[in-house]
Amino acid sequence: MAIPSRQIGGSTTTNLLWQISKQLEELICVRTGNCNGNTTTTTTTGGFFPNEFCVWSTDFYQDPIETSEYNVATGALYNVPIDNDLVGIIGIGSTSLKFWKHDPSTRKIREWFISSYPAFLTFNRDITYNNLSPTFLGSTTIAAIDNNTIVTTYNLANATYPNGVPGSVYLWKYDISTNNAQGGTALFNIIATNYAYSMMYTTDSKLIVIASRLINNVPTYYLTQYTYPNGLSEVDISLASIPFNPSAQITGLSVITYNSEIYLIRTDDSTLFKIETVYPYAITEVTADLGFDQYRIFESSTGECNNVSFTPQVPQCGTTIPNVGETFTYFGVTGTVTTLSGGIVAYPYLSPGYYAQCSGMWMPPYYWVANGAPATIVLTFDSPINNVGLVFSILNLGDNFTITTNTEVPSLTMSSSCYVHVSGNQIITDPTPGSNTGSGQFIITTVTPYTVLTIVATNGGNGGPIGLSCDPSAPTTTSTSSSTTTLAPTGFNTIYTHFESL
């Protein structure tokens, strides 16, 4: 594959200062052992730092020893000399100081220093970790949290699914402060069928993951933003609008950042897409076929580069349903919890709110969870009301809900949902690719306003918390918008606008 010769931006003086600062960082790191990301990175005005050190690329299938920097603005790859390279089907990760390649087949992470500008990767050490086989299968995909922490994904395996149990994917953390990372630590579940294709860690502690799921038996890529390290799902976006060449042997999408924007690169022809960071997260093709060989993967470094993340669709607001006998205020109407019976697990404290997995709905703080035997929740309002939004989360197959009022059978509308659907006045859960991933917001509407709202929960899948939404008239998740972006001179500016309810 032909790689363009290196282009150097900025003045000669600025480049020299950058080279000196990086070499000093490396020297201090090596001599003191203080390589934990606390060293200060010199910021220059040459304009080349975001292009030259933020995005890396390698061909993980055909030529894994070819390592390149990627200039998003020009769409060019720049070959980077590397000593003692790692050969095999690998994944890559980096910070502004260090670069790693990961081979799960040998359970090895090889580390280099980014030692100068123009970049040269200087071998530092090999890091090993314990074998989790045959219980788990490792993934090549890694992301750097800092200079001493690497995360990857593992898929549970058993006799029935020796290549990985569908939907059983975990984020795994390794402390690489020493050369033996031991067994690592499982952090949280990733919503995926098997593994993750691409991961990126941001400066505001978000982990952005691209992974495939089976939707109606069709593999579909989703982009999910999790809070790190607790794994709350804030944003979940279907990437089904990005087509792939049917003849491509390997398909995938890499997530990168450039100039405070988020981009996706399609593996089978290296096409570049920009994805907006605010709802409805419109996807725009900005460059068609950059001319690279297939099978390339791309990775953004941590630190100054990944300084942007997605804004959750739903704000952190809503109304807590309190304990029985207590009152609450909902859009100027006072409500009272008159019944909590059956399969109810009550908590003596107010649990913190969170973004529900998959749907990304905000779950307000709660006192209790429907669990076990059928449960009944009755809310009584002091004034007639006919438009109440309920938020459900942590649902599994069998967690179904029947909604009634004291005037008439209500109509139910989903404004957002994930692995759950509506049938008449019932909310019915669907099979999920992982545990506790069903969630959504549902609007309870009647022609004749009501003062009593009853929820009967059948908790076949152990149920989950229920809250009142912050906006009972929230827009539906199906939305379109138009935008154009001109980034590379050869861009075709074909526009994709897509957001799909999960």
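The values are calculated or read from the model by the stated rules, or taken from the named source; none is laboratory data. Keep in mind that what you see is a predicted model, and the values were worked out from it rather than measured. These accessible areas exclude ligands, DNA and RNA; they are computed on the full protein's heavy atoms, side chains included. Shrake-Rupley method; radii C 1.70, N 1.55, O 1.52, S 1.80 Å.
Results, tabulated for the structure shown:
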read-out: 5 angstrom amide H check on LEU239, placed H, neighbours 5+ away; value: TYR221, TYR222, LEU223
read-out: Percent accessible area from carbon and sulfur atoms, the stretch 419-472, protein chains only, probe 1.4 Å; value: 54 percent
read-out: Shape call, the stretch 422-467: gyration tensor on alpha carbons, a/c limit 1.5; value: prolate
read-out: The stretch 92-236 - accessible surface per residue (Å², probe 1.4 Å); value: 34 Å²
read-out: Solvent-accessible area per residue for the stretch 267-375 (1.4 angstrom probe, square angstrom); value: 35 Å²
read-out: Amide hydrogen neighbours beyond the local backbone of SER168, cut-off 5 Å, H modeled; value: LEU156
read-out: In sequence order, calculated HN-Hα J values of the stretch 462-470 (Karplus, 6.51, -1.76, 1.60; Hz; x Gly/Pro); value: 6, x, x, x, 10, x, 9, 6, 7
read-out: In Å², nearest 10: area of LYS274 left accessible to a 1.4 Å probe; value: 30 Å²
read-out: Carbon plus sulfur fraction of accessible area for the stretch 163-208, probe 1.4 Å, in percent; value: 45 percent
read-out: For ASP399, residues with placed amide H under 5 Å, excluding near neighbours; value: THR429, GLY460, GLY461
read-out: Estimated vicinal HN-Hα couplings, Hz - the stretch 83-100 in sequence order (Karplus 6.51, -1.76, 1.60; Gly, Pro = x); value: 9, 6, 5, 9, 9, x, 7, 10, x, 10, x, 6, 10, 6, 10, 10, 9, 10
read-out: Proximal lysines relative to LYS206, as straight alpha-carbon distance under 21 Å, when same-chain residues fewer than 8 apart are discounted; value: LYS98, LYS173, LYS274
